[in-house]
1. Filtering segment 118-131 down to residues that are touching a residue at least 60 places away in the same chain (Cβ under 8 Å) and closer than 20 Å to GLY207 by Cα, which residue is surrounded by the most Cβ atoms within 10 Å (Cβ to Cβ)?
2. Would you point out the residue of segment 283-307, among those that are touching a residue at least 40 places away in the same chain (Cβ under 8 Å) and crowded, with 22+ Cβ neighbours inside 10 Å, that is farthest from LEU240 (Cα to Cα)?
3. Every residue in segment 499-512 that is under 21 Å from LEU439 (Cβ atoms) and either at pLDDT 95 or above or part of a strand (DSSP E or B) (or both), please.
4. I'd like the full set of residues that are modelled with pLDDT of 90 or more and either of a type in the set (Ser, Thr, Tyr) or outside the structural domain of VAL306 (by TED's automatic domain parsing) (or both), limited to segment 228-262.
5. Select from segment 239-269 the residues that are part of a helix (DSSP H, G or I), within 16 Å of LEU172 (Cα to Cα) and out of contact with any Lys or Arg (no Cβ under 9 Å at 6 or more places or on another chain) and list them in ascending order.
6. State the number of residues belonging to segment 280-292 that are more than 25 Å from PHE165 (Cβ to Cβ) and not in a helix (DSSP H, G or I).
7. Name every residue in segment 413-440 that is over 30 Å from ASN89 (Cα atoms), crowded, with 21+ Cβ neighbours inside 10 Å and touching a helix residue (DSSP H, G or I) at 6+ places or on another chain (Cβ under 9 Å), in order of residue number.
8. Return the pair list, or none, for Cβ contacts closer than 8 Å from residues in segment 394-405 that are assigned by TED's automatic domain parsing to the domain that holds LEU214 and at pLDDT below 95 to residues that are acidic (Asp, Glu) and part of a helix (DSSP H, G or I), at least 6 apart or on different chains.
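The values are calculated or read from the model by the stated rules, or taken from the named source; none is laboratory data. Treat the numbers as computed from the prediction; the structure is a model and nothing was measured. When we count neighbours, we look across all protein chains shown, and the Cβ atoms used for this are built from the backbone with ideal geometry, even at glycine.
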Amino acid sequence: MNIRLENMSPAVNLTRRQATGPVRTQHPVWHDLLPPCNDACPAGEDIQGWLALAQAGKYEAAWRRLVTDNPFPAIHGRVCYYPCETACNRGSLDSAVSVHAVERFIGDQALEHGWYVTPAPPTGKRVLIVGAGPCGLSAAWHLALRGHSVEIHEAGPVAGGMLHFGVPAYRLPRDVLDHEIGRLESLGIRIVLNRKVEDVLSEKSTGRFDAVLLAIGAQVARHIDIPARDAARVLDAVTLLRAAGTGERPQLGRRVMVYGGGNTAMDAARTARRLGAEEAVIVYYRDREHMGALPFEAAEALEEGVRIQWLSSIRDVDGTSVRVEKMRLDGDGRAQPTGEYETLEADSLILALGQQTDTGFLRNIQGIGFAADGTVIVGEDFQTGYAGIFAGGDMTPANRTVTTATGHGKRAARHIDAWLGGTSLIRSERHAIVGFDALHLPLYSDAIPSTQSALPVGERGGFEEVIGGLDEGQALHESRRCLSCGNCYECDNCYAACPTQAIERLGPTRGYQVRLERCTGCAVCFDQCPCHAIDMVPETDAVAAPAVEVPR
């Protein structure tokens, strides 16, 4: 491994007032800032916290820290689109920390070693959750940990929702999904399958539930009208992925066309190839720069032989002939028709145009409101307009991702827990986000990131996992690339740099102490702190004390 050391020393700022002299005007204080990875995580994970434990080789402790926010690290390490890495300050140096890969490693360690948690003593409160998707499962976990009795009613034959029916097995192996869901049942959570809730109030009353969380997701495909005289087989992506997820093998023919440009479209095309299609073409009305799918999703589809026809819109279908109009983008990036057409051949047409929620069964409940798109309106506490009925995940206005839904489940559970106790959850003030420009990096190692290997795609028809995980050495290396932005990790730079020995160590995990009788306020410690865990505070803003103990 090649390690390149680069000098990042900032230029001396001659305009800054020098603080040393007969009277000290400032002194250092340690504080906590919010790392951008934590801020960007839809599940609200303490990413920096569990990475610190992982880099020390304390994998079980890292897992326990992780599952206080997200009960499914092995799942999310595979399917999350990791916005934390987009926000990672390390990306401004060389490349972001591969958070999702380390999370997957920790999750897989938990599955291998059978780690589990113990819930709080029973509270006597009962909660009904409608829907066993990521939001409902996450909420169940957090409620059960707090001692509440939880029952999930799921209309489908298996738990997981779109994790099972919308995410192909080559991205999320079913044994991983089943094991992490099984951990919930070990907490005493009861999952009732093939039970579709039609009357929420009756279900609540009959089951003597104290609160209800609605988390049915968005599993109804959105359709558009395409003129068709003698159409090829037309089906939606949700139906295709659901069928493949249950082991069915729909007959799609040799040539398959997928209409759409999101991640579901990519999954549908890749699934079609695995089901026997020789050609899979995605037709999308915009270009690659404006597609809804994440770049790596499109890249993986192309690597597997999927073809994408950009700037194209389907106008009508006649048998196996699909008439497509060429589009152009205007100055605002919107697709505009050109009047130019071409004809493509397809035995099957798969519509991947998004999903919506079927909330019709809630229309008779007084107080529950709906947005224009049919989603349920909730307050900051995730409660609907009917007391004791909460909602979260894809059936509420939000980004429709697994991680967002998981975060909704956690937050809803915390509000339900407070409501059951007759209180309201008060949000604590968030720390300021620390950006790259605030860091002091006089010297850093340009550590090459660990990469996950691509596994060979099996024979056509196989759904084996296509991305491998990190081994222990790679996971350690990757976790140690974290810069610990905004929070002290006891690097001793301040201790070594202080010219008056005013900073003393308090011992591992206990941070430092400032001996104010020795401190001159020179700010050398501030300049040497790589993660900006120190600020200089004017004397007038501080309480006089002979010494200040600084918490980590």
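1. Within segment 118-131, the subset touching a residue at least 60 places away in the same chain (Cβ under 8 Å) is 119, 123, 125-131.
Retained after the next criterion (residues that are closer than 20 Å to GLY207 by Cα): 123, 125-131.
Numbers: THR123: 15, LYS125: 19, ARG126: 17, VAL127: 26, LEU128: 23, ILE129: 33, VAL130: 25, GLY131: 29.
My answer is ILE129.
2. TYR285
3. Within segment 499-512, the subset under 21 Å from LEU439 (Cβ atoms) is 503, 511-512.
Residues satisfying the conditions are ILE503, TYR512.
4. Answer for segment 228-262, where residues must be modelled with pLDDT of 90 or more and either of a type in the set (Ser, Thr, Tyr) or outside the structural domain of VAL306 (by TED's automatic domain parsing) (or both): just TYR259.
5. Pass one, segment 239-269, residues part of a helix (DSSP H, G or I): 239-245, 263-269.
Next, only the ones that are within 16 Å of LEU172 (Cα to Cα) stay: 241-245, 263-264, 266-268.
Passing the criteria: LEU241, ARG242, ASN263, THR264, MET266, ALA268.
6. Going through segment 280-292, the residues more than 25 Å from PHE165 (Cβ to Cβ) turn out to be 285-290.
Keeping just the survivors that are not in a helix (DSSP H, G or I) gives 285-287.
Going through segment 280-292 one residue at a time, the tally reaches 3.
7. ALA413, ILE416, ASP417
8. Qualifying pairs under 8 Å: ARG400/ASP394.
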